[in-house]
Amino acid sequence: MPSTICVSCRGERSAALVRPKTSEPYCKICFFQAFEREIHETIVKEQLFKPGETIAIAASGGKDSTVLAYVLKLLNERHSYGLNLVLLSIDEGITGYRDDSLETVKRNQQQYDLPLIILTYKELYGWSMDEIVKAVGRKNNCTFCGVFRRQALDRGAMKLSVNKIATGHNADDIAETILMNILRGDIARLKRCTSIITGDESDDNEVSVIPRCKPLKYAYEKEIVLYAFYKRLDYFSTECIYSPNAYRGNIRTYIKDLERLRPSSIIDIIHSGEQLIVKPTTKLPVQRICERCSYCSSMPICKACLLIEGLNKGIPKLGIGKTERYRKEMQQKQDQCCNDQSLCHCMKEKLTVTEQN
Amino acid sequence: MSCDEDACVIVRIADPMCRKCFEEFFIHKFRSTLSKSNIFGRGEHVLIAYSGGPSSTALLHLIADGLSVNARRRLQFQAHVAFIDESSLYPDAINIREKVIDLITNQLHYPLHIVSIDDNLDNDNTLKELLFQQTKSLTAREELIRRRKLKLLFDIAIREKCTKLITGDNCTKLSTQILSDIAQGKGAHVALECNLTDTTNDLVTIVRLFREIMSKEIAMYNRLNSIESLQNVDISTMSGIQSSIFKLTETLVNDLQRQFPSTVSTIFRTSDKLEKNLKPERCDLCCYPLNLDEDQSLLPDQDRIKLIRQLFDTTSDSNDPVHVCYACRRLLRDVQPNLQSNNQE
């Protein structure tokens, strides 16, 4: 017979929900306490913050970043972390999705009384996601969005002079990323993706990147939803309209099925991921600086610049998958192919580039 | 592709092969894995784990060819074969022992060691009871059987003085196993479990000769050579695709492989780049290195300790503490030991 007594306060209050992480009945108050306490313990144990730091919370208006903003503000006051919190939001230019979620962020700014800055892809890169999808199609557009957003967050953070960026990545996200990196064979990312704070080892890098951390690393997505629901937090809950065909969808379904079979699987995957050690002799990318925009990059030209070049030149697949070969071919062709008077397409491209400059 | 004959099979994209070329390709892959690292010593006693399935049957045939008198670069080890009879667990199992004896003793003439899965237990029903009454999930049952089989194989190998144990695990199965193990918290062992030679056990080294061969290639080879595998039932036969973690993972890998034909080899290559963690202490349940601290890995529960001692640990002193790794600890949570035996719990 299922128990209806909260296991935490043992009957003081009746249980209102079953906690996804532990499958035990909890009352609302104890659930809030447990959830908040676990995040606090993560922050303390992993030493994520130092007093006096300014932290930019990457806010999208979705459940993860809303809960993150709410909980960080709460814990900052309750445990006196001594942090300055700001909200940083990126507008990718997706009609019907992002413009609505930004309204939510603006409301969050009012509700939590935190400063807010919004940056758009259009102003940073000259292209909005809607325009990109029109040029690229529906299959590889998530790559563009992800690459651009990462840089956008860093640029926004530098503009605001913050010490760290906090993102709302939850346990499910990290589990998906671990599996995705194995399936895609990305050993370099596999090494980094379980770190709760990245970019902090600035001693062996010449380029200092703003460190980013994931305070919600051990929080289940289901619990975040429950927390936001019971606390009546204001968040935007629609899926990105361009996401259904993404590769990540396959893994997401798998993890949801796994969670149904065994709820602890998500934490088990993260535990497994943390145990993976990459052979030191494996070839890993070296960090250097992009020749065009001076951002950190593992290649001479960073991915964002490459993608923009592709978009501007009308070859949007540049930088996606095996078209690196095509790029090299293009570069070679431009040098050897035709003389100035020729009307060959390679000359047309050269003309286009000069016109834009 | 290579010889302009009519092609009969495609194993890699855009590479149709005729029968002869395919067989050469297949056998070459096998022999090169074998001779690449000079694994076997002359006259070494080697135990081949036979399950009756397509992979291990193909393995036996290839080894038999390699050991035969007129083989090119003849193999120099002494082969023994082990078969673990699980039929006591399944009520409708066909009598498989006879077929195994027929194949191995009568046709191939190798020393055969058949061991029942409840070997050495007080009561024939202990394992059955454990699996079907005390274990709550199919995942846990599969994993317990897997560990028990490995333990038994090690025992046979040690008893027969075999220093190597060859298994027929193919690339597809290993890739599925990798993901399924990660889902259960066994990430620390992934690097070891897909290695060609696995020295986790000090006395018996596991050798995985089929680790770079896909299940499709084996199926094709078996068909072209009319190699028949034995019909074999296991614990998850006829259960749905979402009934256990392994089955779920198998479905994922097969679906992805269909859409992206390099999935299996990518998973495998990724795990190949992982460093082995060979801490000296071993988990008492799965025999792989412990990945937890001393105090966390200690099993406090007397009932479960008794269980492990009985089924998995026949050698050590009954007063020694029992240590288990993270995944096995999680696994044991799905097992409810005998409730009426003592007054604990």
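The values are calculated or read from the model by the stated rules, or taken from the named source; none is laboratory data. Owing to the predicted nature of the structure, the values given are computational and were not obtained by experimental measurement. In this analysis, Cβ positions are derived from the backbone assuming ideal geometry, glycine residues included, and neighbour counts consider all displayed protein chains.
Yes/no matrix, rows are residues, columns are (1) at pLDDT below 85; (2) assigned by the TED database to the domain that holds A:K313; (3) buried (at least 18 other Cβ atoms within 10 Å of the Cβ); (4) in contact with a Cys (Cβ under 9 Å, 6 or more places away or on another chain):
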site	(1), (2), (3), (4)
A:R138	yes, no, no, no
A:A152	no, no, yes, no
A:N163	no, no, no, no
A:G168	no, no, yes, no
A:A171	no, no, yes, no
A:T194	no, no, yes, no
A:D200	yes, no, no, yes
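Return yes or no: is A:K45 buried (at least 17 other Cβ atoms within 10 Å of the Cβ) and under 23 Å from A:S265 (Cβ atoms)? Against the criterion (buried (at least 17 other Cβ atoms within 10 Å of the Cβ) and under 23 Å from A:S265 (Cβ atoms)), A:K45 does not qualify. When the range A:228-255 is filtered for residues that are of a type in the set (F, W, Y) and more than 11 Å from every other protein chain (Cβ to nearest Cβ), the ones remaining, listed by number, are A:F229, A:Y230, A:Y235, A:F236, A:Y242.
Determine which member of the set B:I182, B:I213, B:I206 is over 13 Å from the mean Cα position of the chain (by Cα) and either within 12 Å of chain A (Cβ to nearest Cβ) or within 21 Å of B:L290 (Cα to Cα) (or both).
Numbers: B:I213 fails: either within 12 Å of chain A (Cβ to nearest Cβ) or within 21 Å of B:L290 (Cα to Cα) (or both); B:I206 fails: over 13 Å from the mean Cα position of the chain (by Cα).
Sole residue among the options that is over 13 Å from the mean Cα position of the chain (by Cα) and either within 12 Å of chain A (Cβ to nearest Cβ) or within 21 Å of B:L290 (Cα to Cα) (or both): B:I182.
Of all the residues in the range A:243-298, those that are assigned to a helix (DSSP H, G or I) and within 30 Å of A:G96 (Cα to Cα) number 10. With respect to the conditions (1) at pLDDT 90 or above; (2) in contact with a helix residue (DSSP H, G or I) (Cβ under 7 Å, 6 or more places away or on another chain); (3) in the same structural domain as A:A157 (by the TED database), A:G61 falls short on a single one, namely (1).
Give me the residue from the range B:239-274 that is acidic (D, E) and more than 8 Å from chain A (Cβ to nearest Cβ) and, out of that set, farthest from A:I255 (Cα to Cα).
B:D272
Kindly indicate whether any position in the range A:284-299 is more than 21 Å from the chain's Cα centre (by Cα), of a type in the set (A, V, I, L, M) and buried (at least 16 other Cβ atoms within 10 Å of the Cβ). No, the range A:284-299 has no match at all. Can you find even one residue in the range A:212-227 that is part of a helix (DSSP H, G or I), under 15 Å from the mean Cα position of the chain (by Cα) and either over 22 Å from A:N76 (Cβ atoms) or within 14 Å of another protein chain (Cβ to nearest Cβ) (or both)? Yes - at least one qualifying residue is present in the range A:212-227. Pairs linking a residue in the range A:256-285 that is more than 7 Å from every other protein chain (Cβ to nearest Cβ) to a residue that is among the charged types (D, E, K, R) and buried (at least 17 other Cβ atoms within 10 Å of the Cβ), with Cβ atoms under 7 Å and 6 or more positions apart or on different chains, are A:P263/A:K21; A:I266/A:D172; A:I266/A:E259.
Results for (1) farther than 23 Å from B:L196 by Cβ; (2) surrounded by fewer than 19 Cβ atoms within 10 Å (Cβ to Cβ); (3) small (G, A, S); (4) at pLDDT below 75, shown as yes or no for each residue.
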{"residue": "B:Q302", "(1), (2), (3), (4)": "yes, yes, no, no"}
{"residue": "B:N319", "(1), (2), (3), (4)": "yes, yes, no, yes"}
{"residue": "B:V324", "(1), (2), (3), (4)": "yes, no, no, no"}
{"residue": "B:C328", "(1), (2), (3), (4)": "yes, no, no, no"}
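Only one of (1) among the β-branched types (V, I, T); (2) in a strand (DSSP E or B); (3) outside the structural domain of A:I165 (by the TED database) is not met by A:I29, so which one is it? The number of the failed condition is (2). Evaluating B:S88 against the criteria (1) assigned to a helix (DSSP H, G or I); (2) surrounded by 20 or more Cβ atoms within 10 Å (Cβ to Cβ); (3) in contact with a Lys or Arg (Cβ under 8 Å, 6 or more places away or on another chain) leaves one unmet condition, (2). Would a scan of the range B:167-177 turn up a residue that is part of a strand (DSSP E or B) and buried (at least 20 other Cβ atoms within 10 Å of the Cβ)? Within the range B:167-177, one or more residues are part of a strand (DSSP E or B) and buried (at least 20 other Cβ atoms within 10 Å of the Cβ).
Per-residue answers, yes or no, for (1) outside any helix (DSSP H, G or I); (2) among the small types (G, A, S); (3) surrounded by fewer than 21 Cβ atoms within 10 Å (Cβ to Cβ); (4) not assigned by the TED database to the domain that holds B:I213:
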| residue | (1), (2), (3), (4) |
| --- | --- |
| B:L131 | no, no, yes, no |
| B:A140 | no, yes, no, no |
| B:R148 | no, no, no, no |
| B:I158 | no, no, yes, no |
| B:A188 | no, yes, no, no |
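Has the range B:87-110 got at least one residue that is of a type outside the set (S, T, N, Q), more than 14 Å from every other protein chain (Cβ to nearest Cβ), without any contact (Cβ under 8 Å) to a residue 60 or more places away in the chain and closer than 21 Å to B:S243 by Cβ? Taking every residue of the range B:87-110 in turn, at least one turns out to be of a type outside the set (S, T, N, Q), more than 14 Å from every other protein chain (Cβ to nearest Cβ), without any contact (Cβ under 8 Å) to a residue 60 or more places away in the chain and closer than 21 Å to B:S243 by Cβ.
Here B:N277 fulfils each of the conditions (1) in contact with a Cys (Cβ under 9 Å, 6 or more places away or on another chain); (2) within 11 Å of chain A (Cβ to nearest Cβ); (3) not in a helix (DSSP H, G or I); (4) not basic (K, R) apart from (1). Quick test of your reading of the structure: B:S236 fulfils all but one of (1) crowded, with 19+ Cβ neighbours inside 10 Å; (2) in contact with a Leu (Cβ under 8 Å, 6 or more places away or on another chain). Name the failing condition by number. Only one criterion in (1) crowded, with 19+ Cβ neighbours inside 10 Å; (2) in contact with a Leu (Cβ under 8 Å, 6 or more places away or on another chain) is unmet by B:S236, namely (1). Helices (runs of 4 or more DSSP H) fully within the range A:106-211 that include at least 1 residues being over 30 Å from B:A191 (Cβ atoms): A:121-125, A:129-136, A:141-160.
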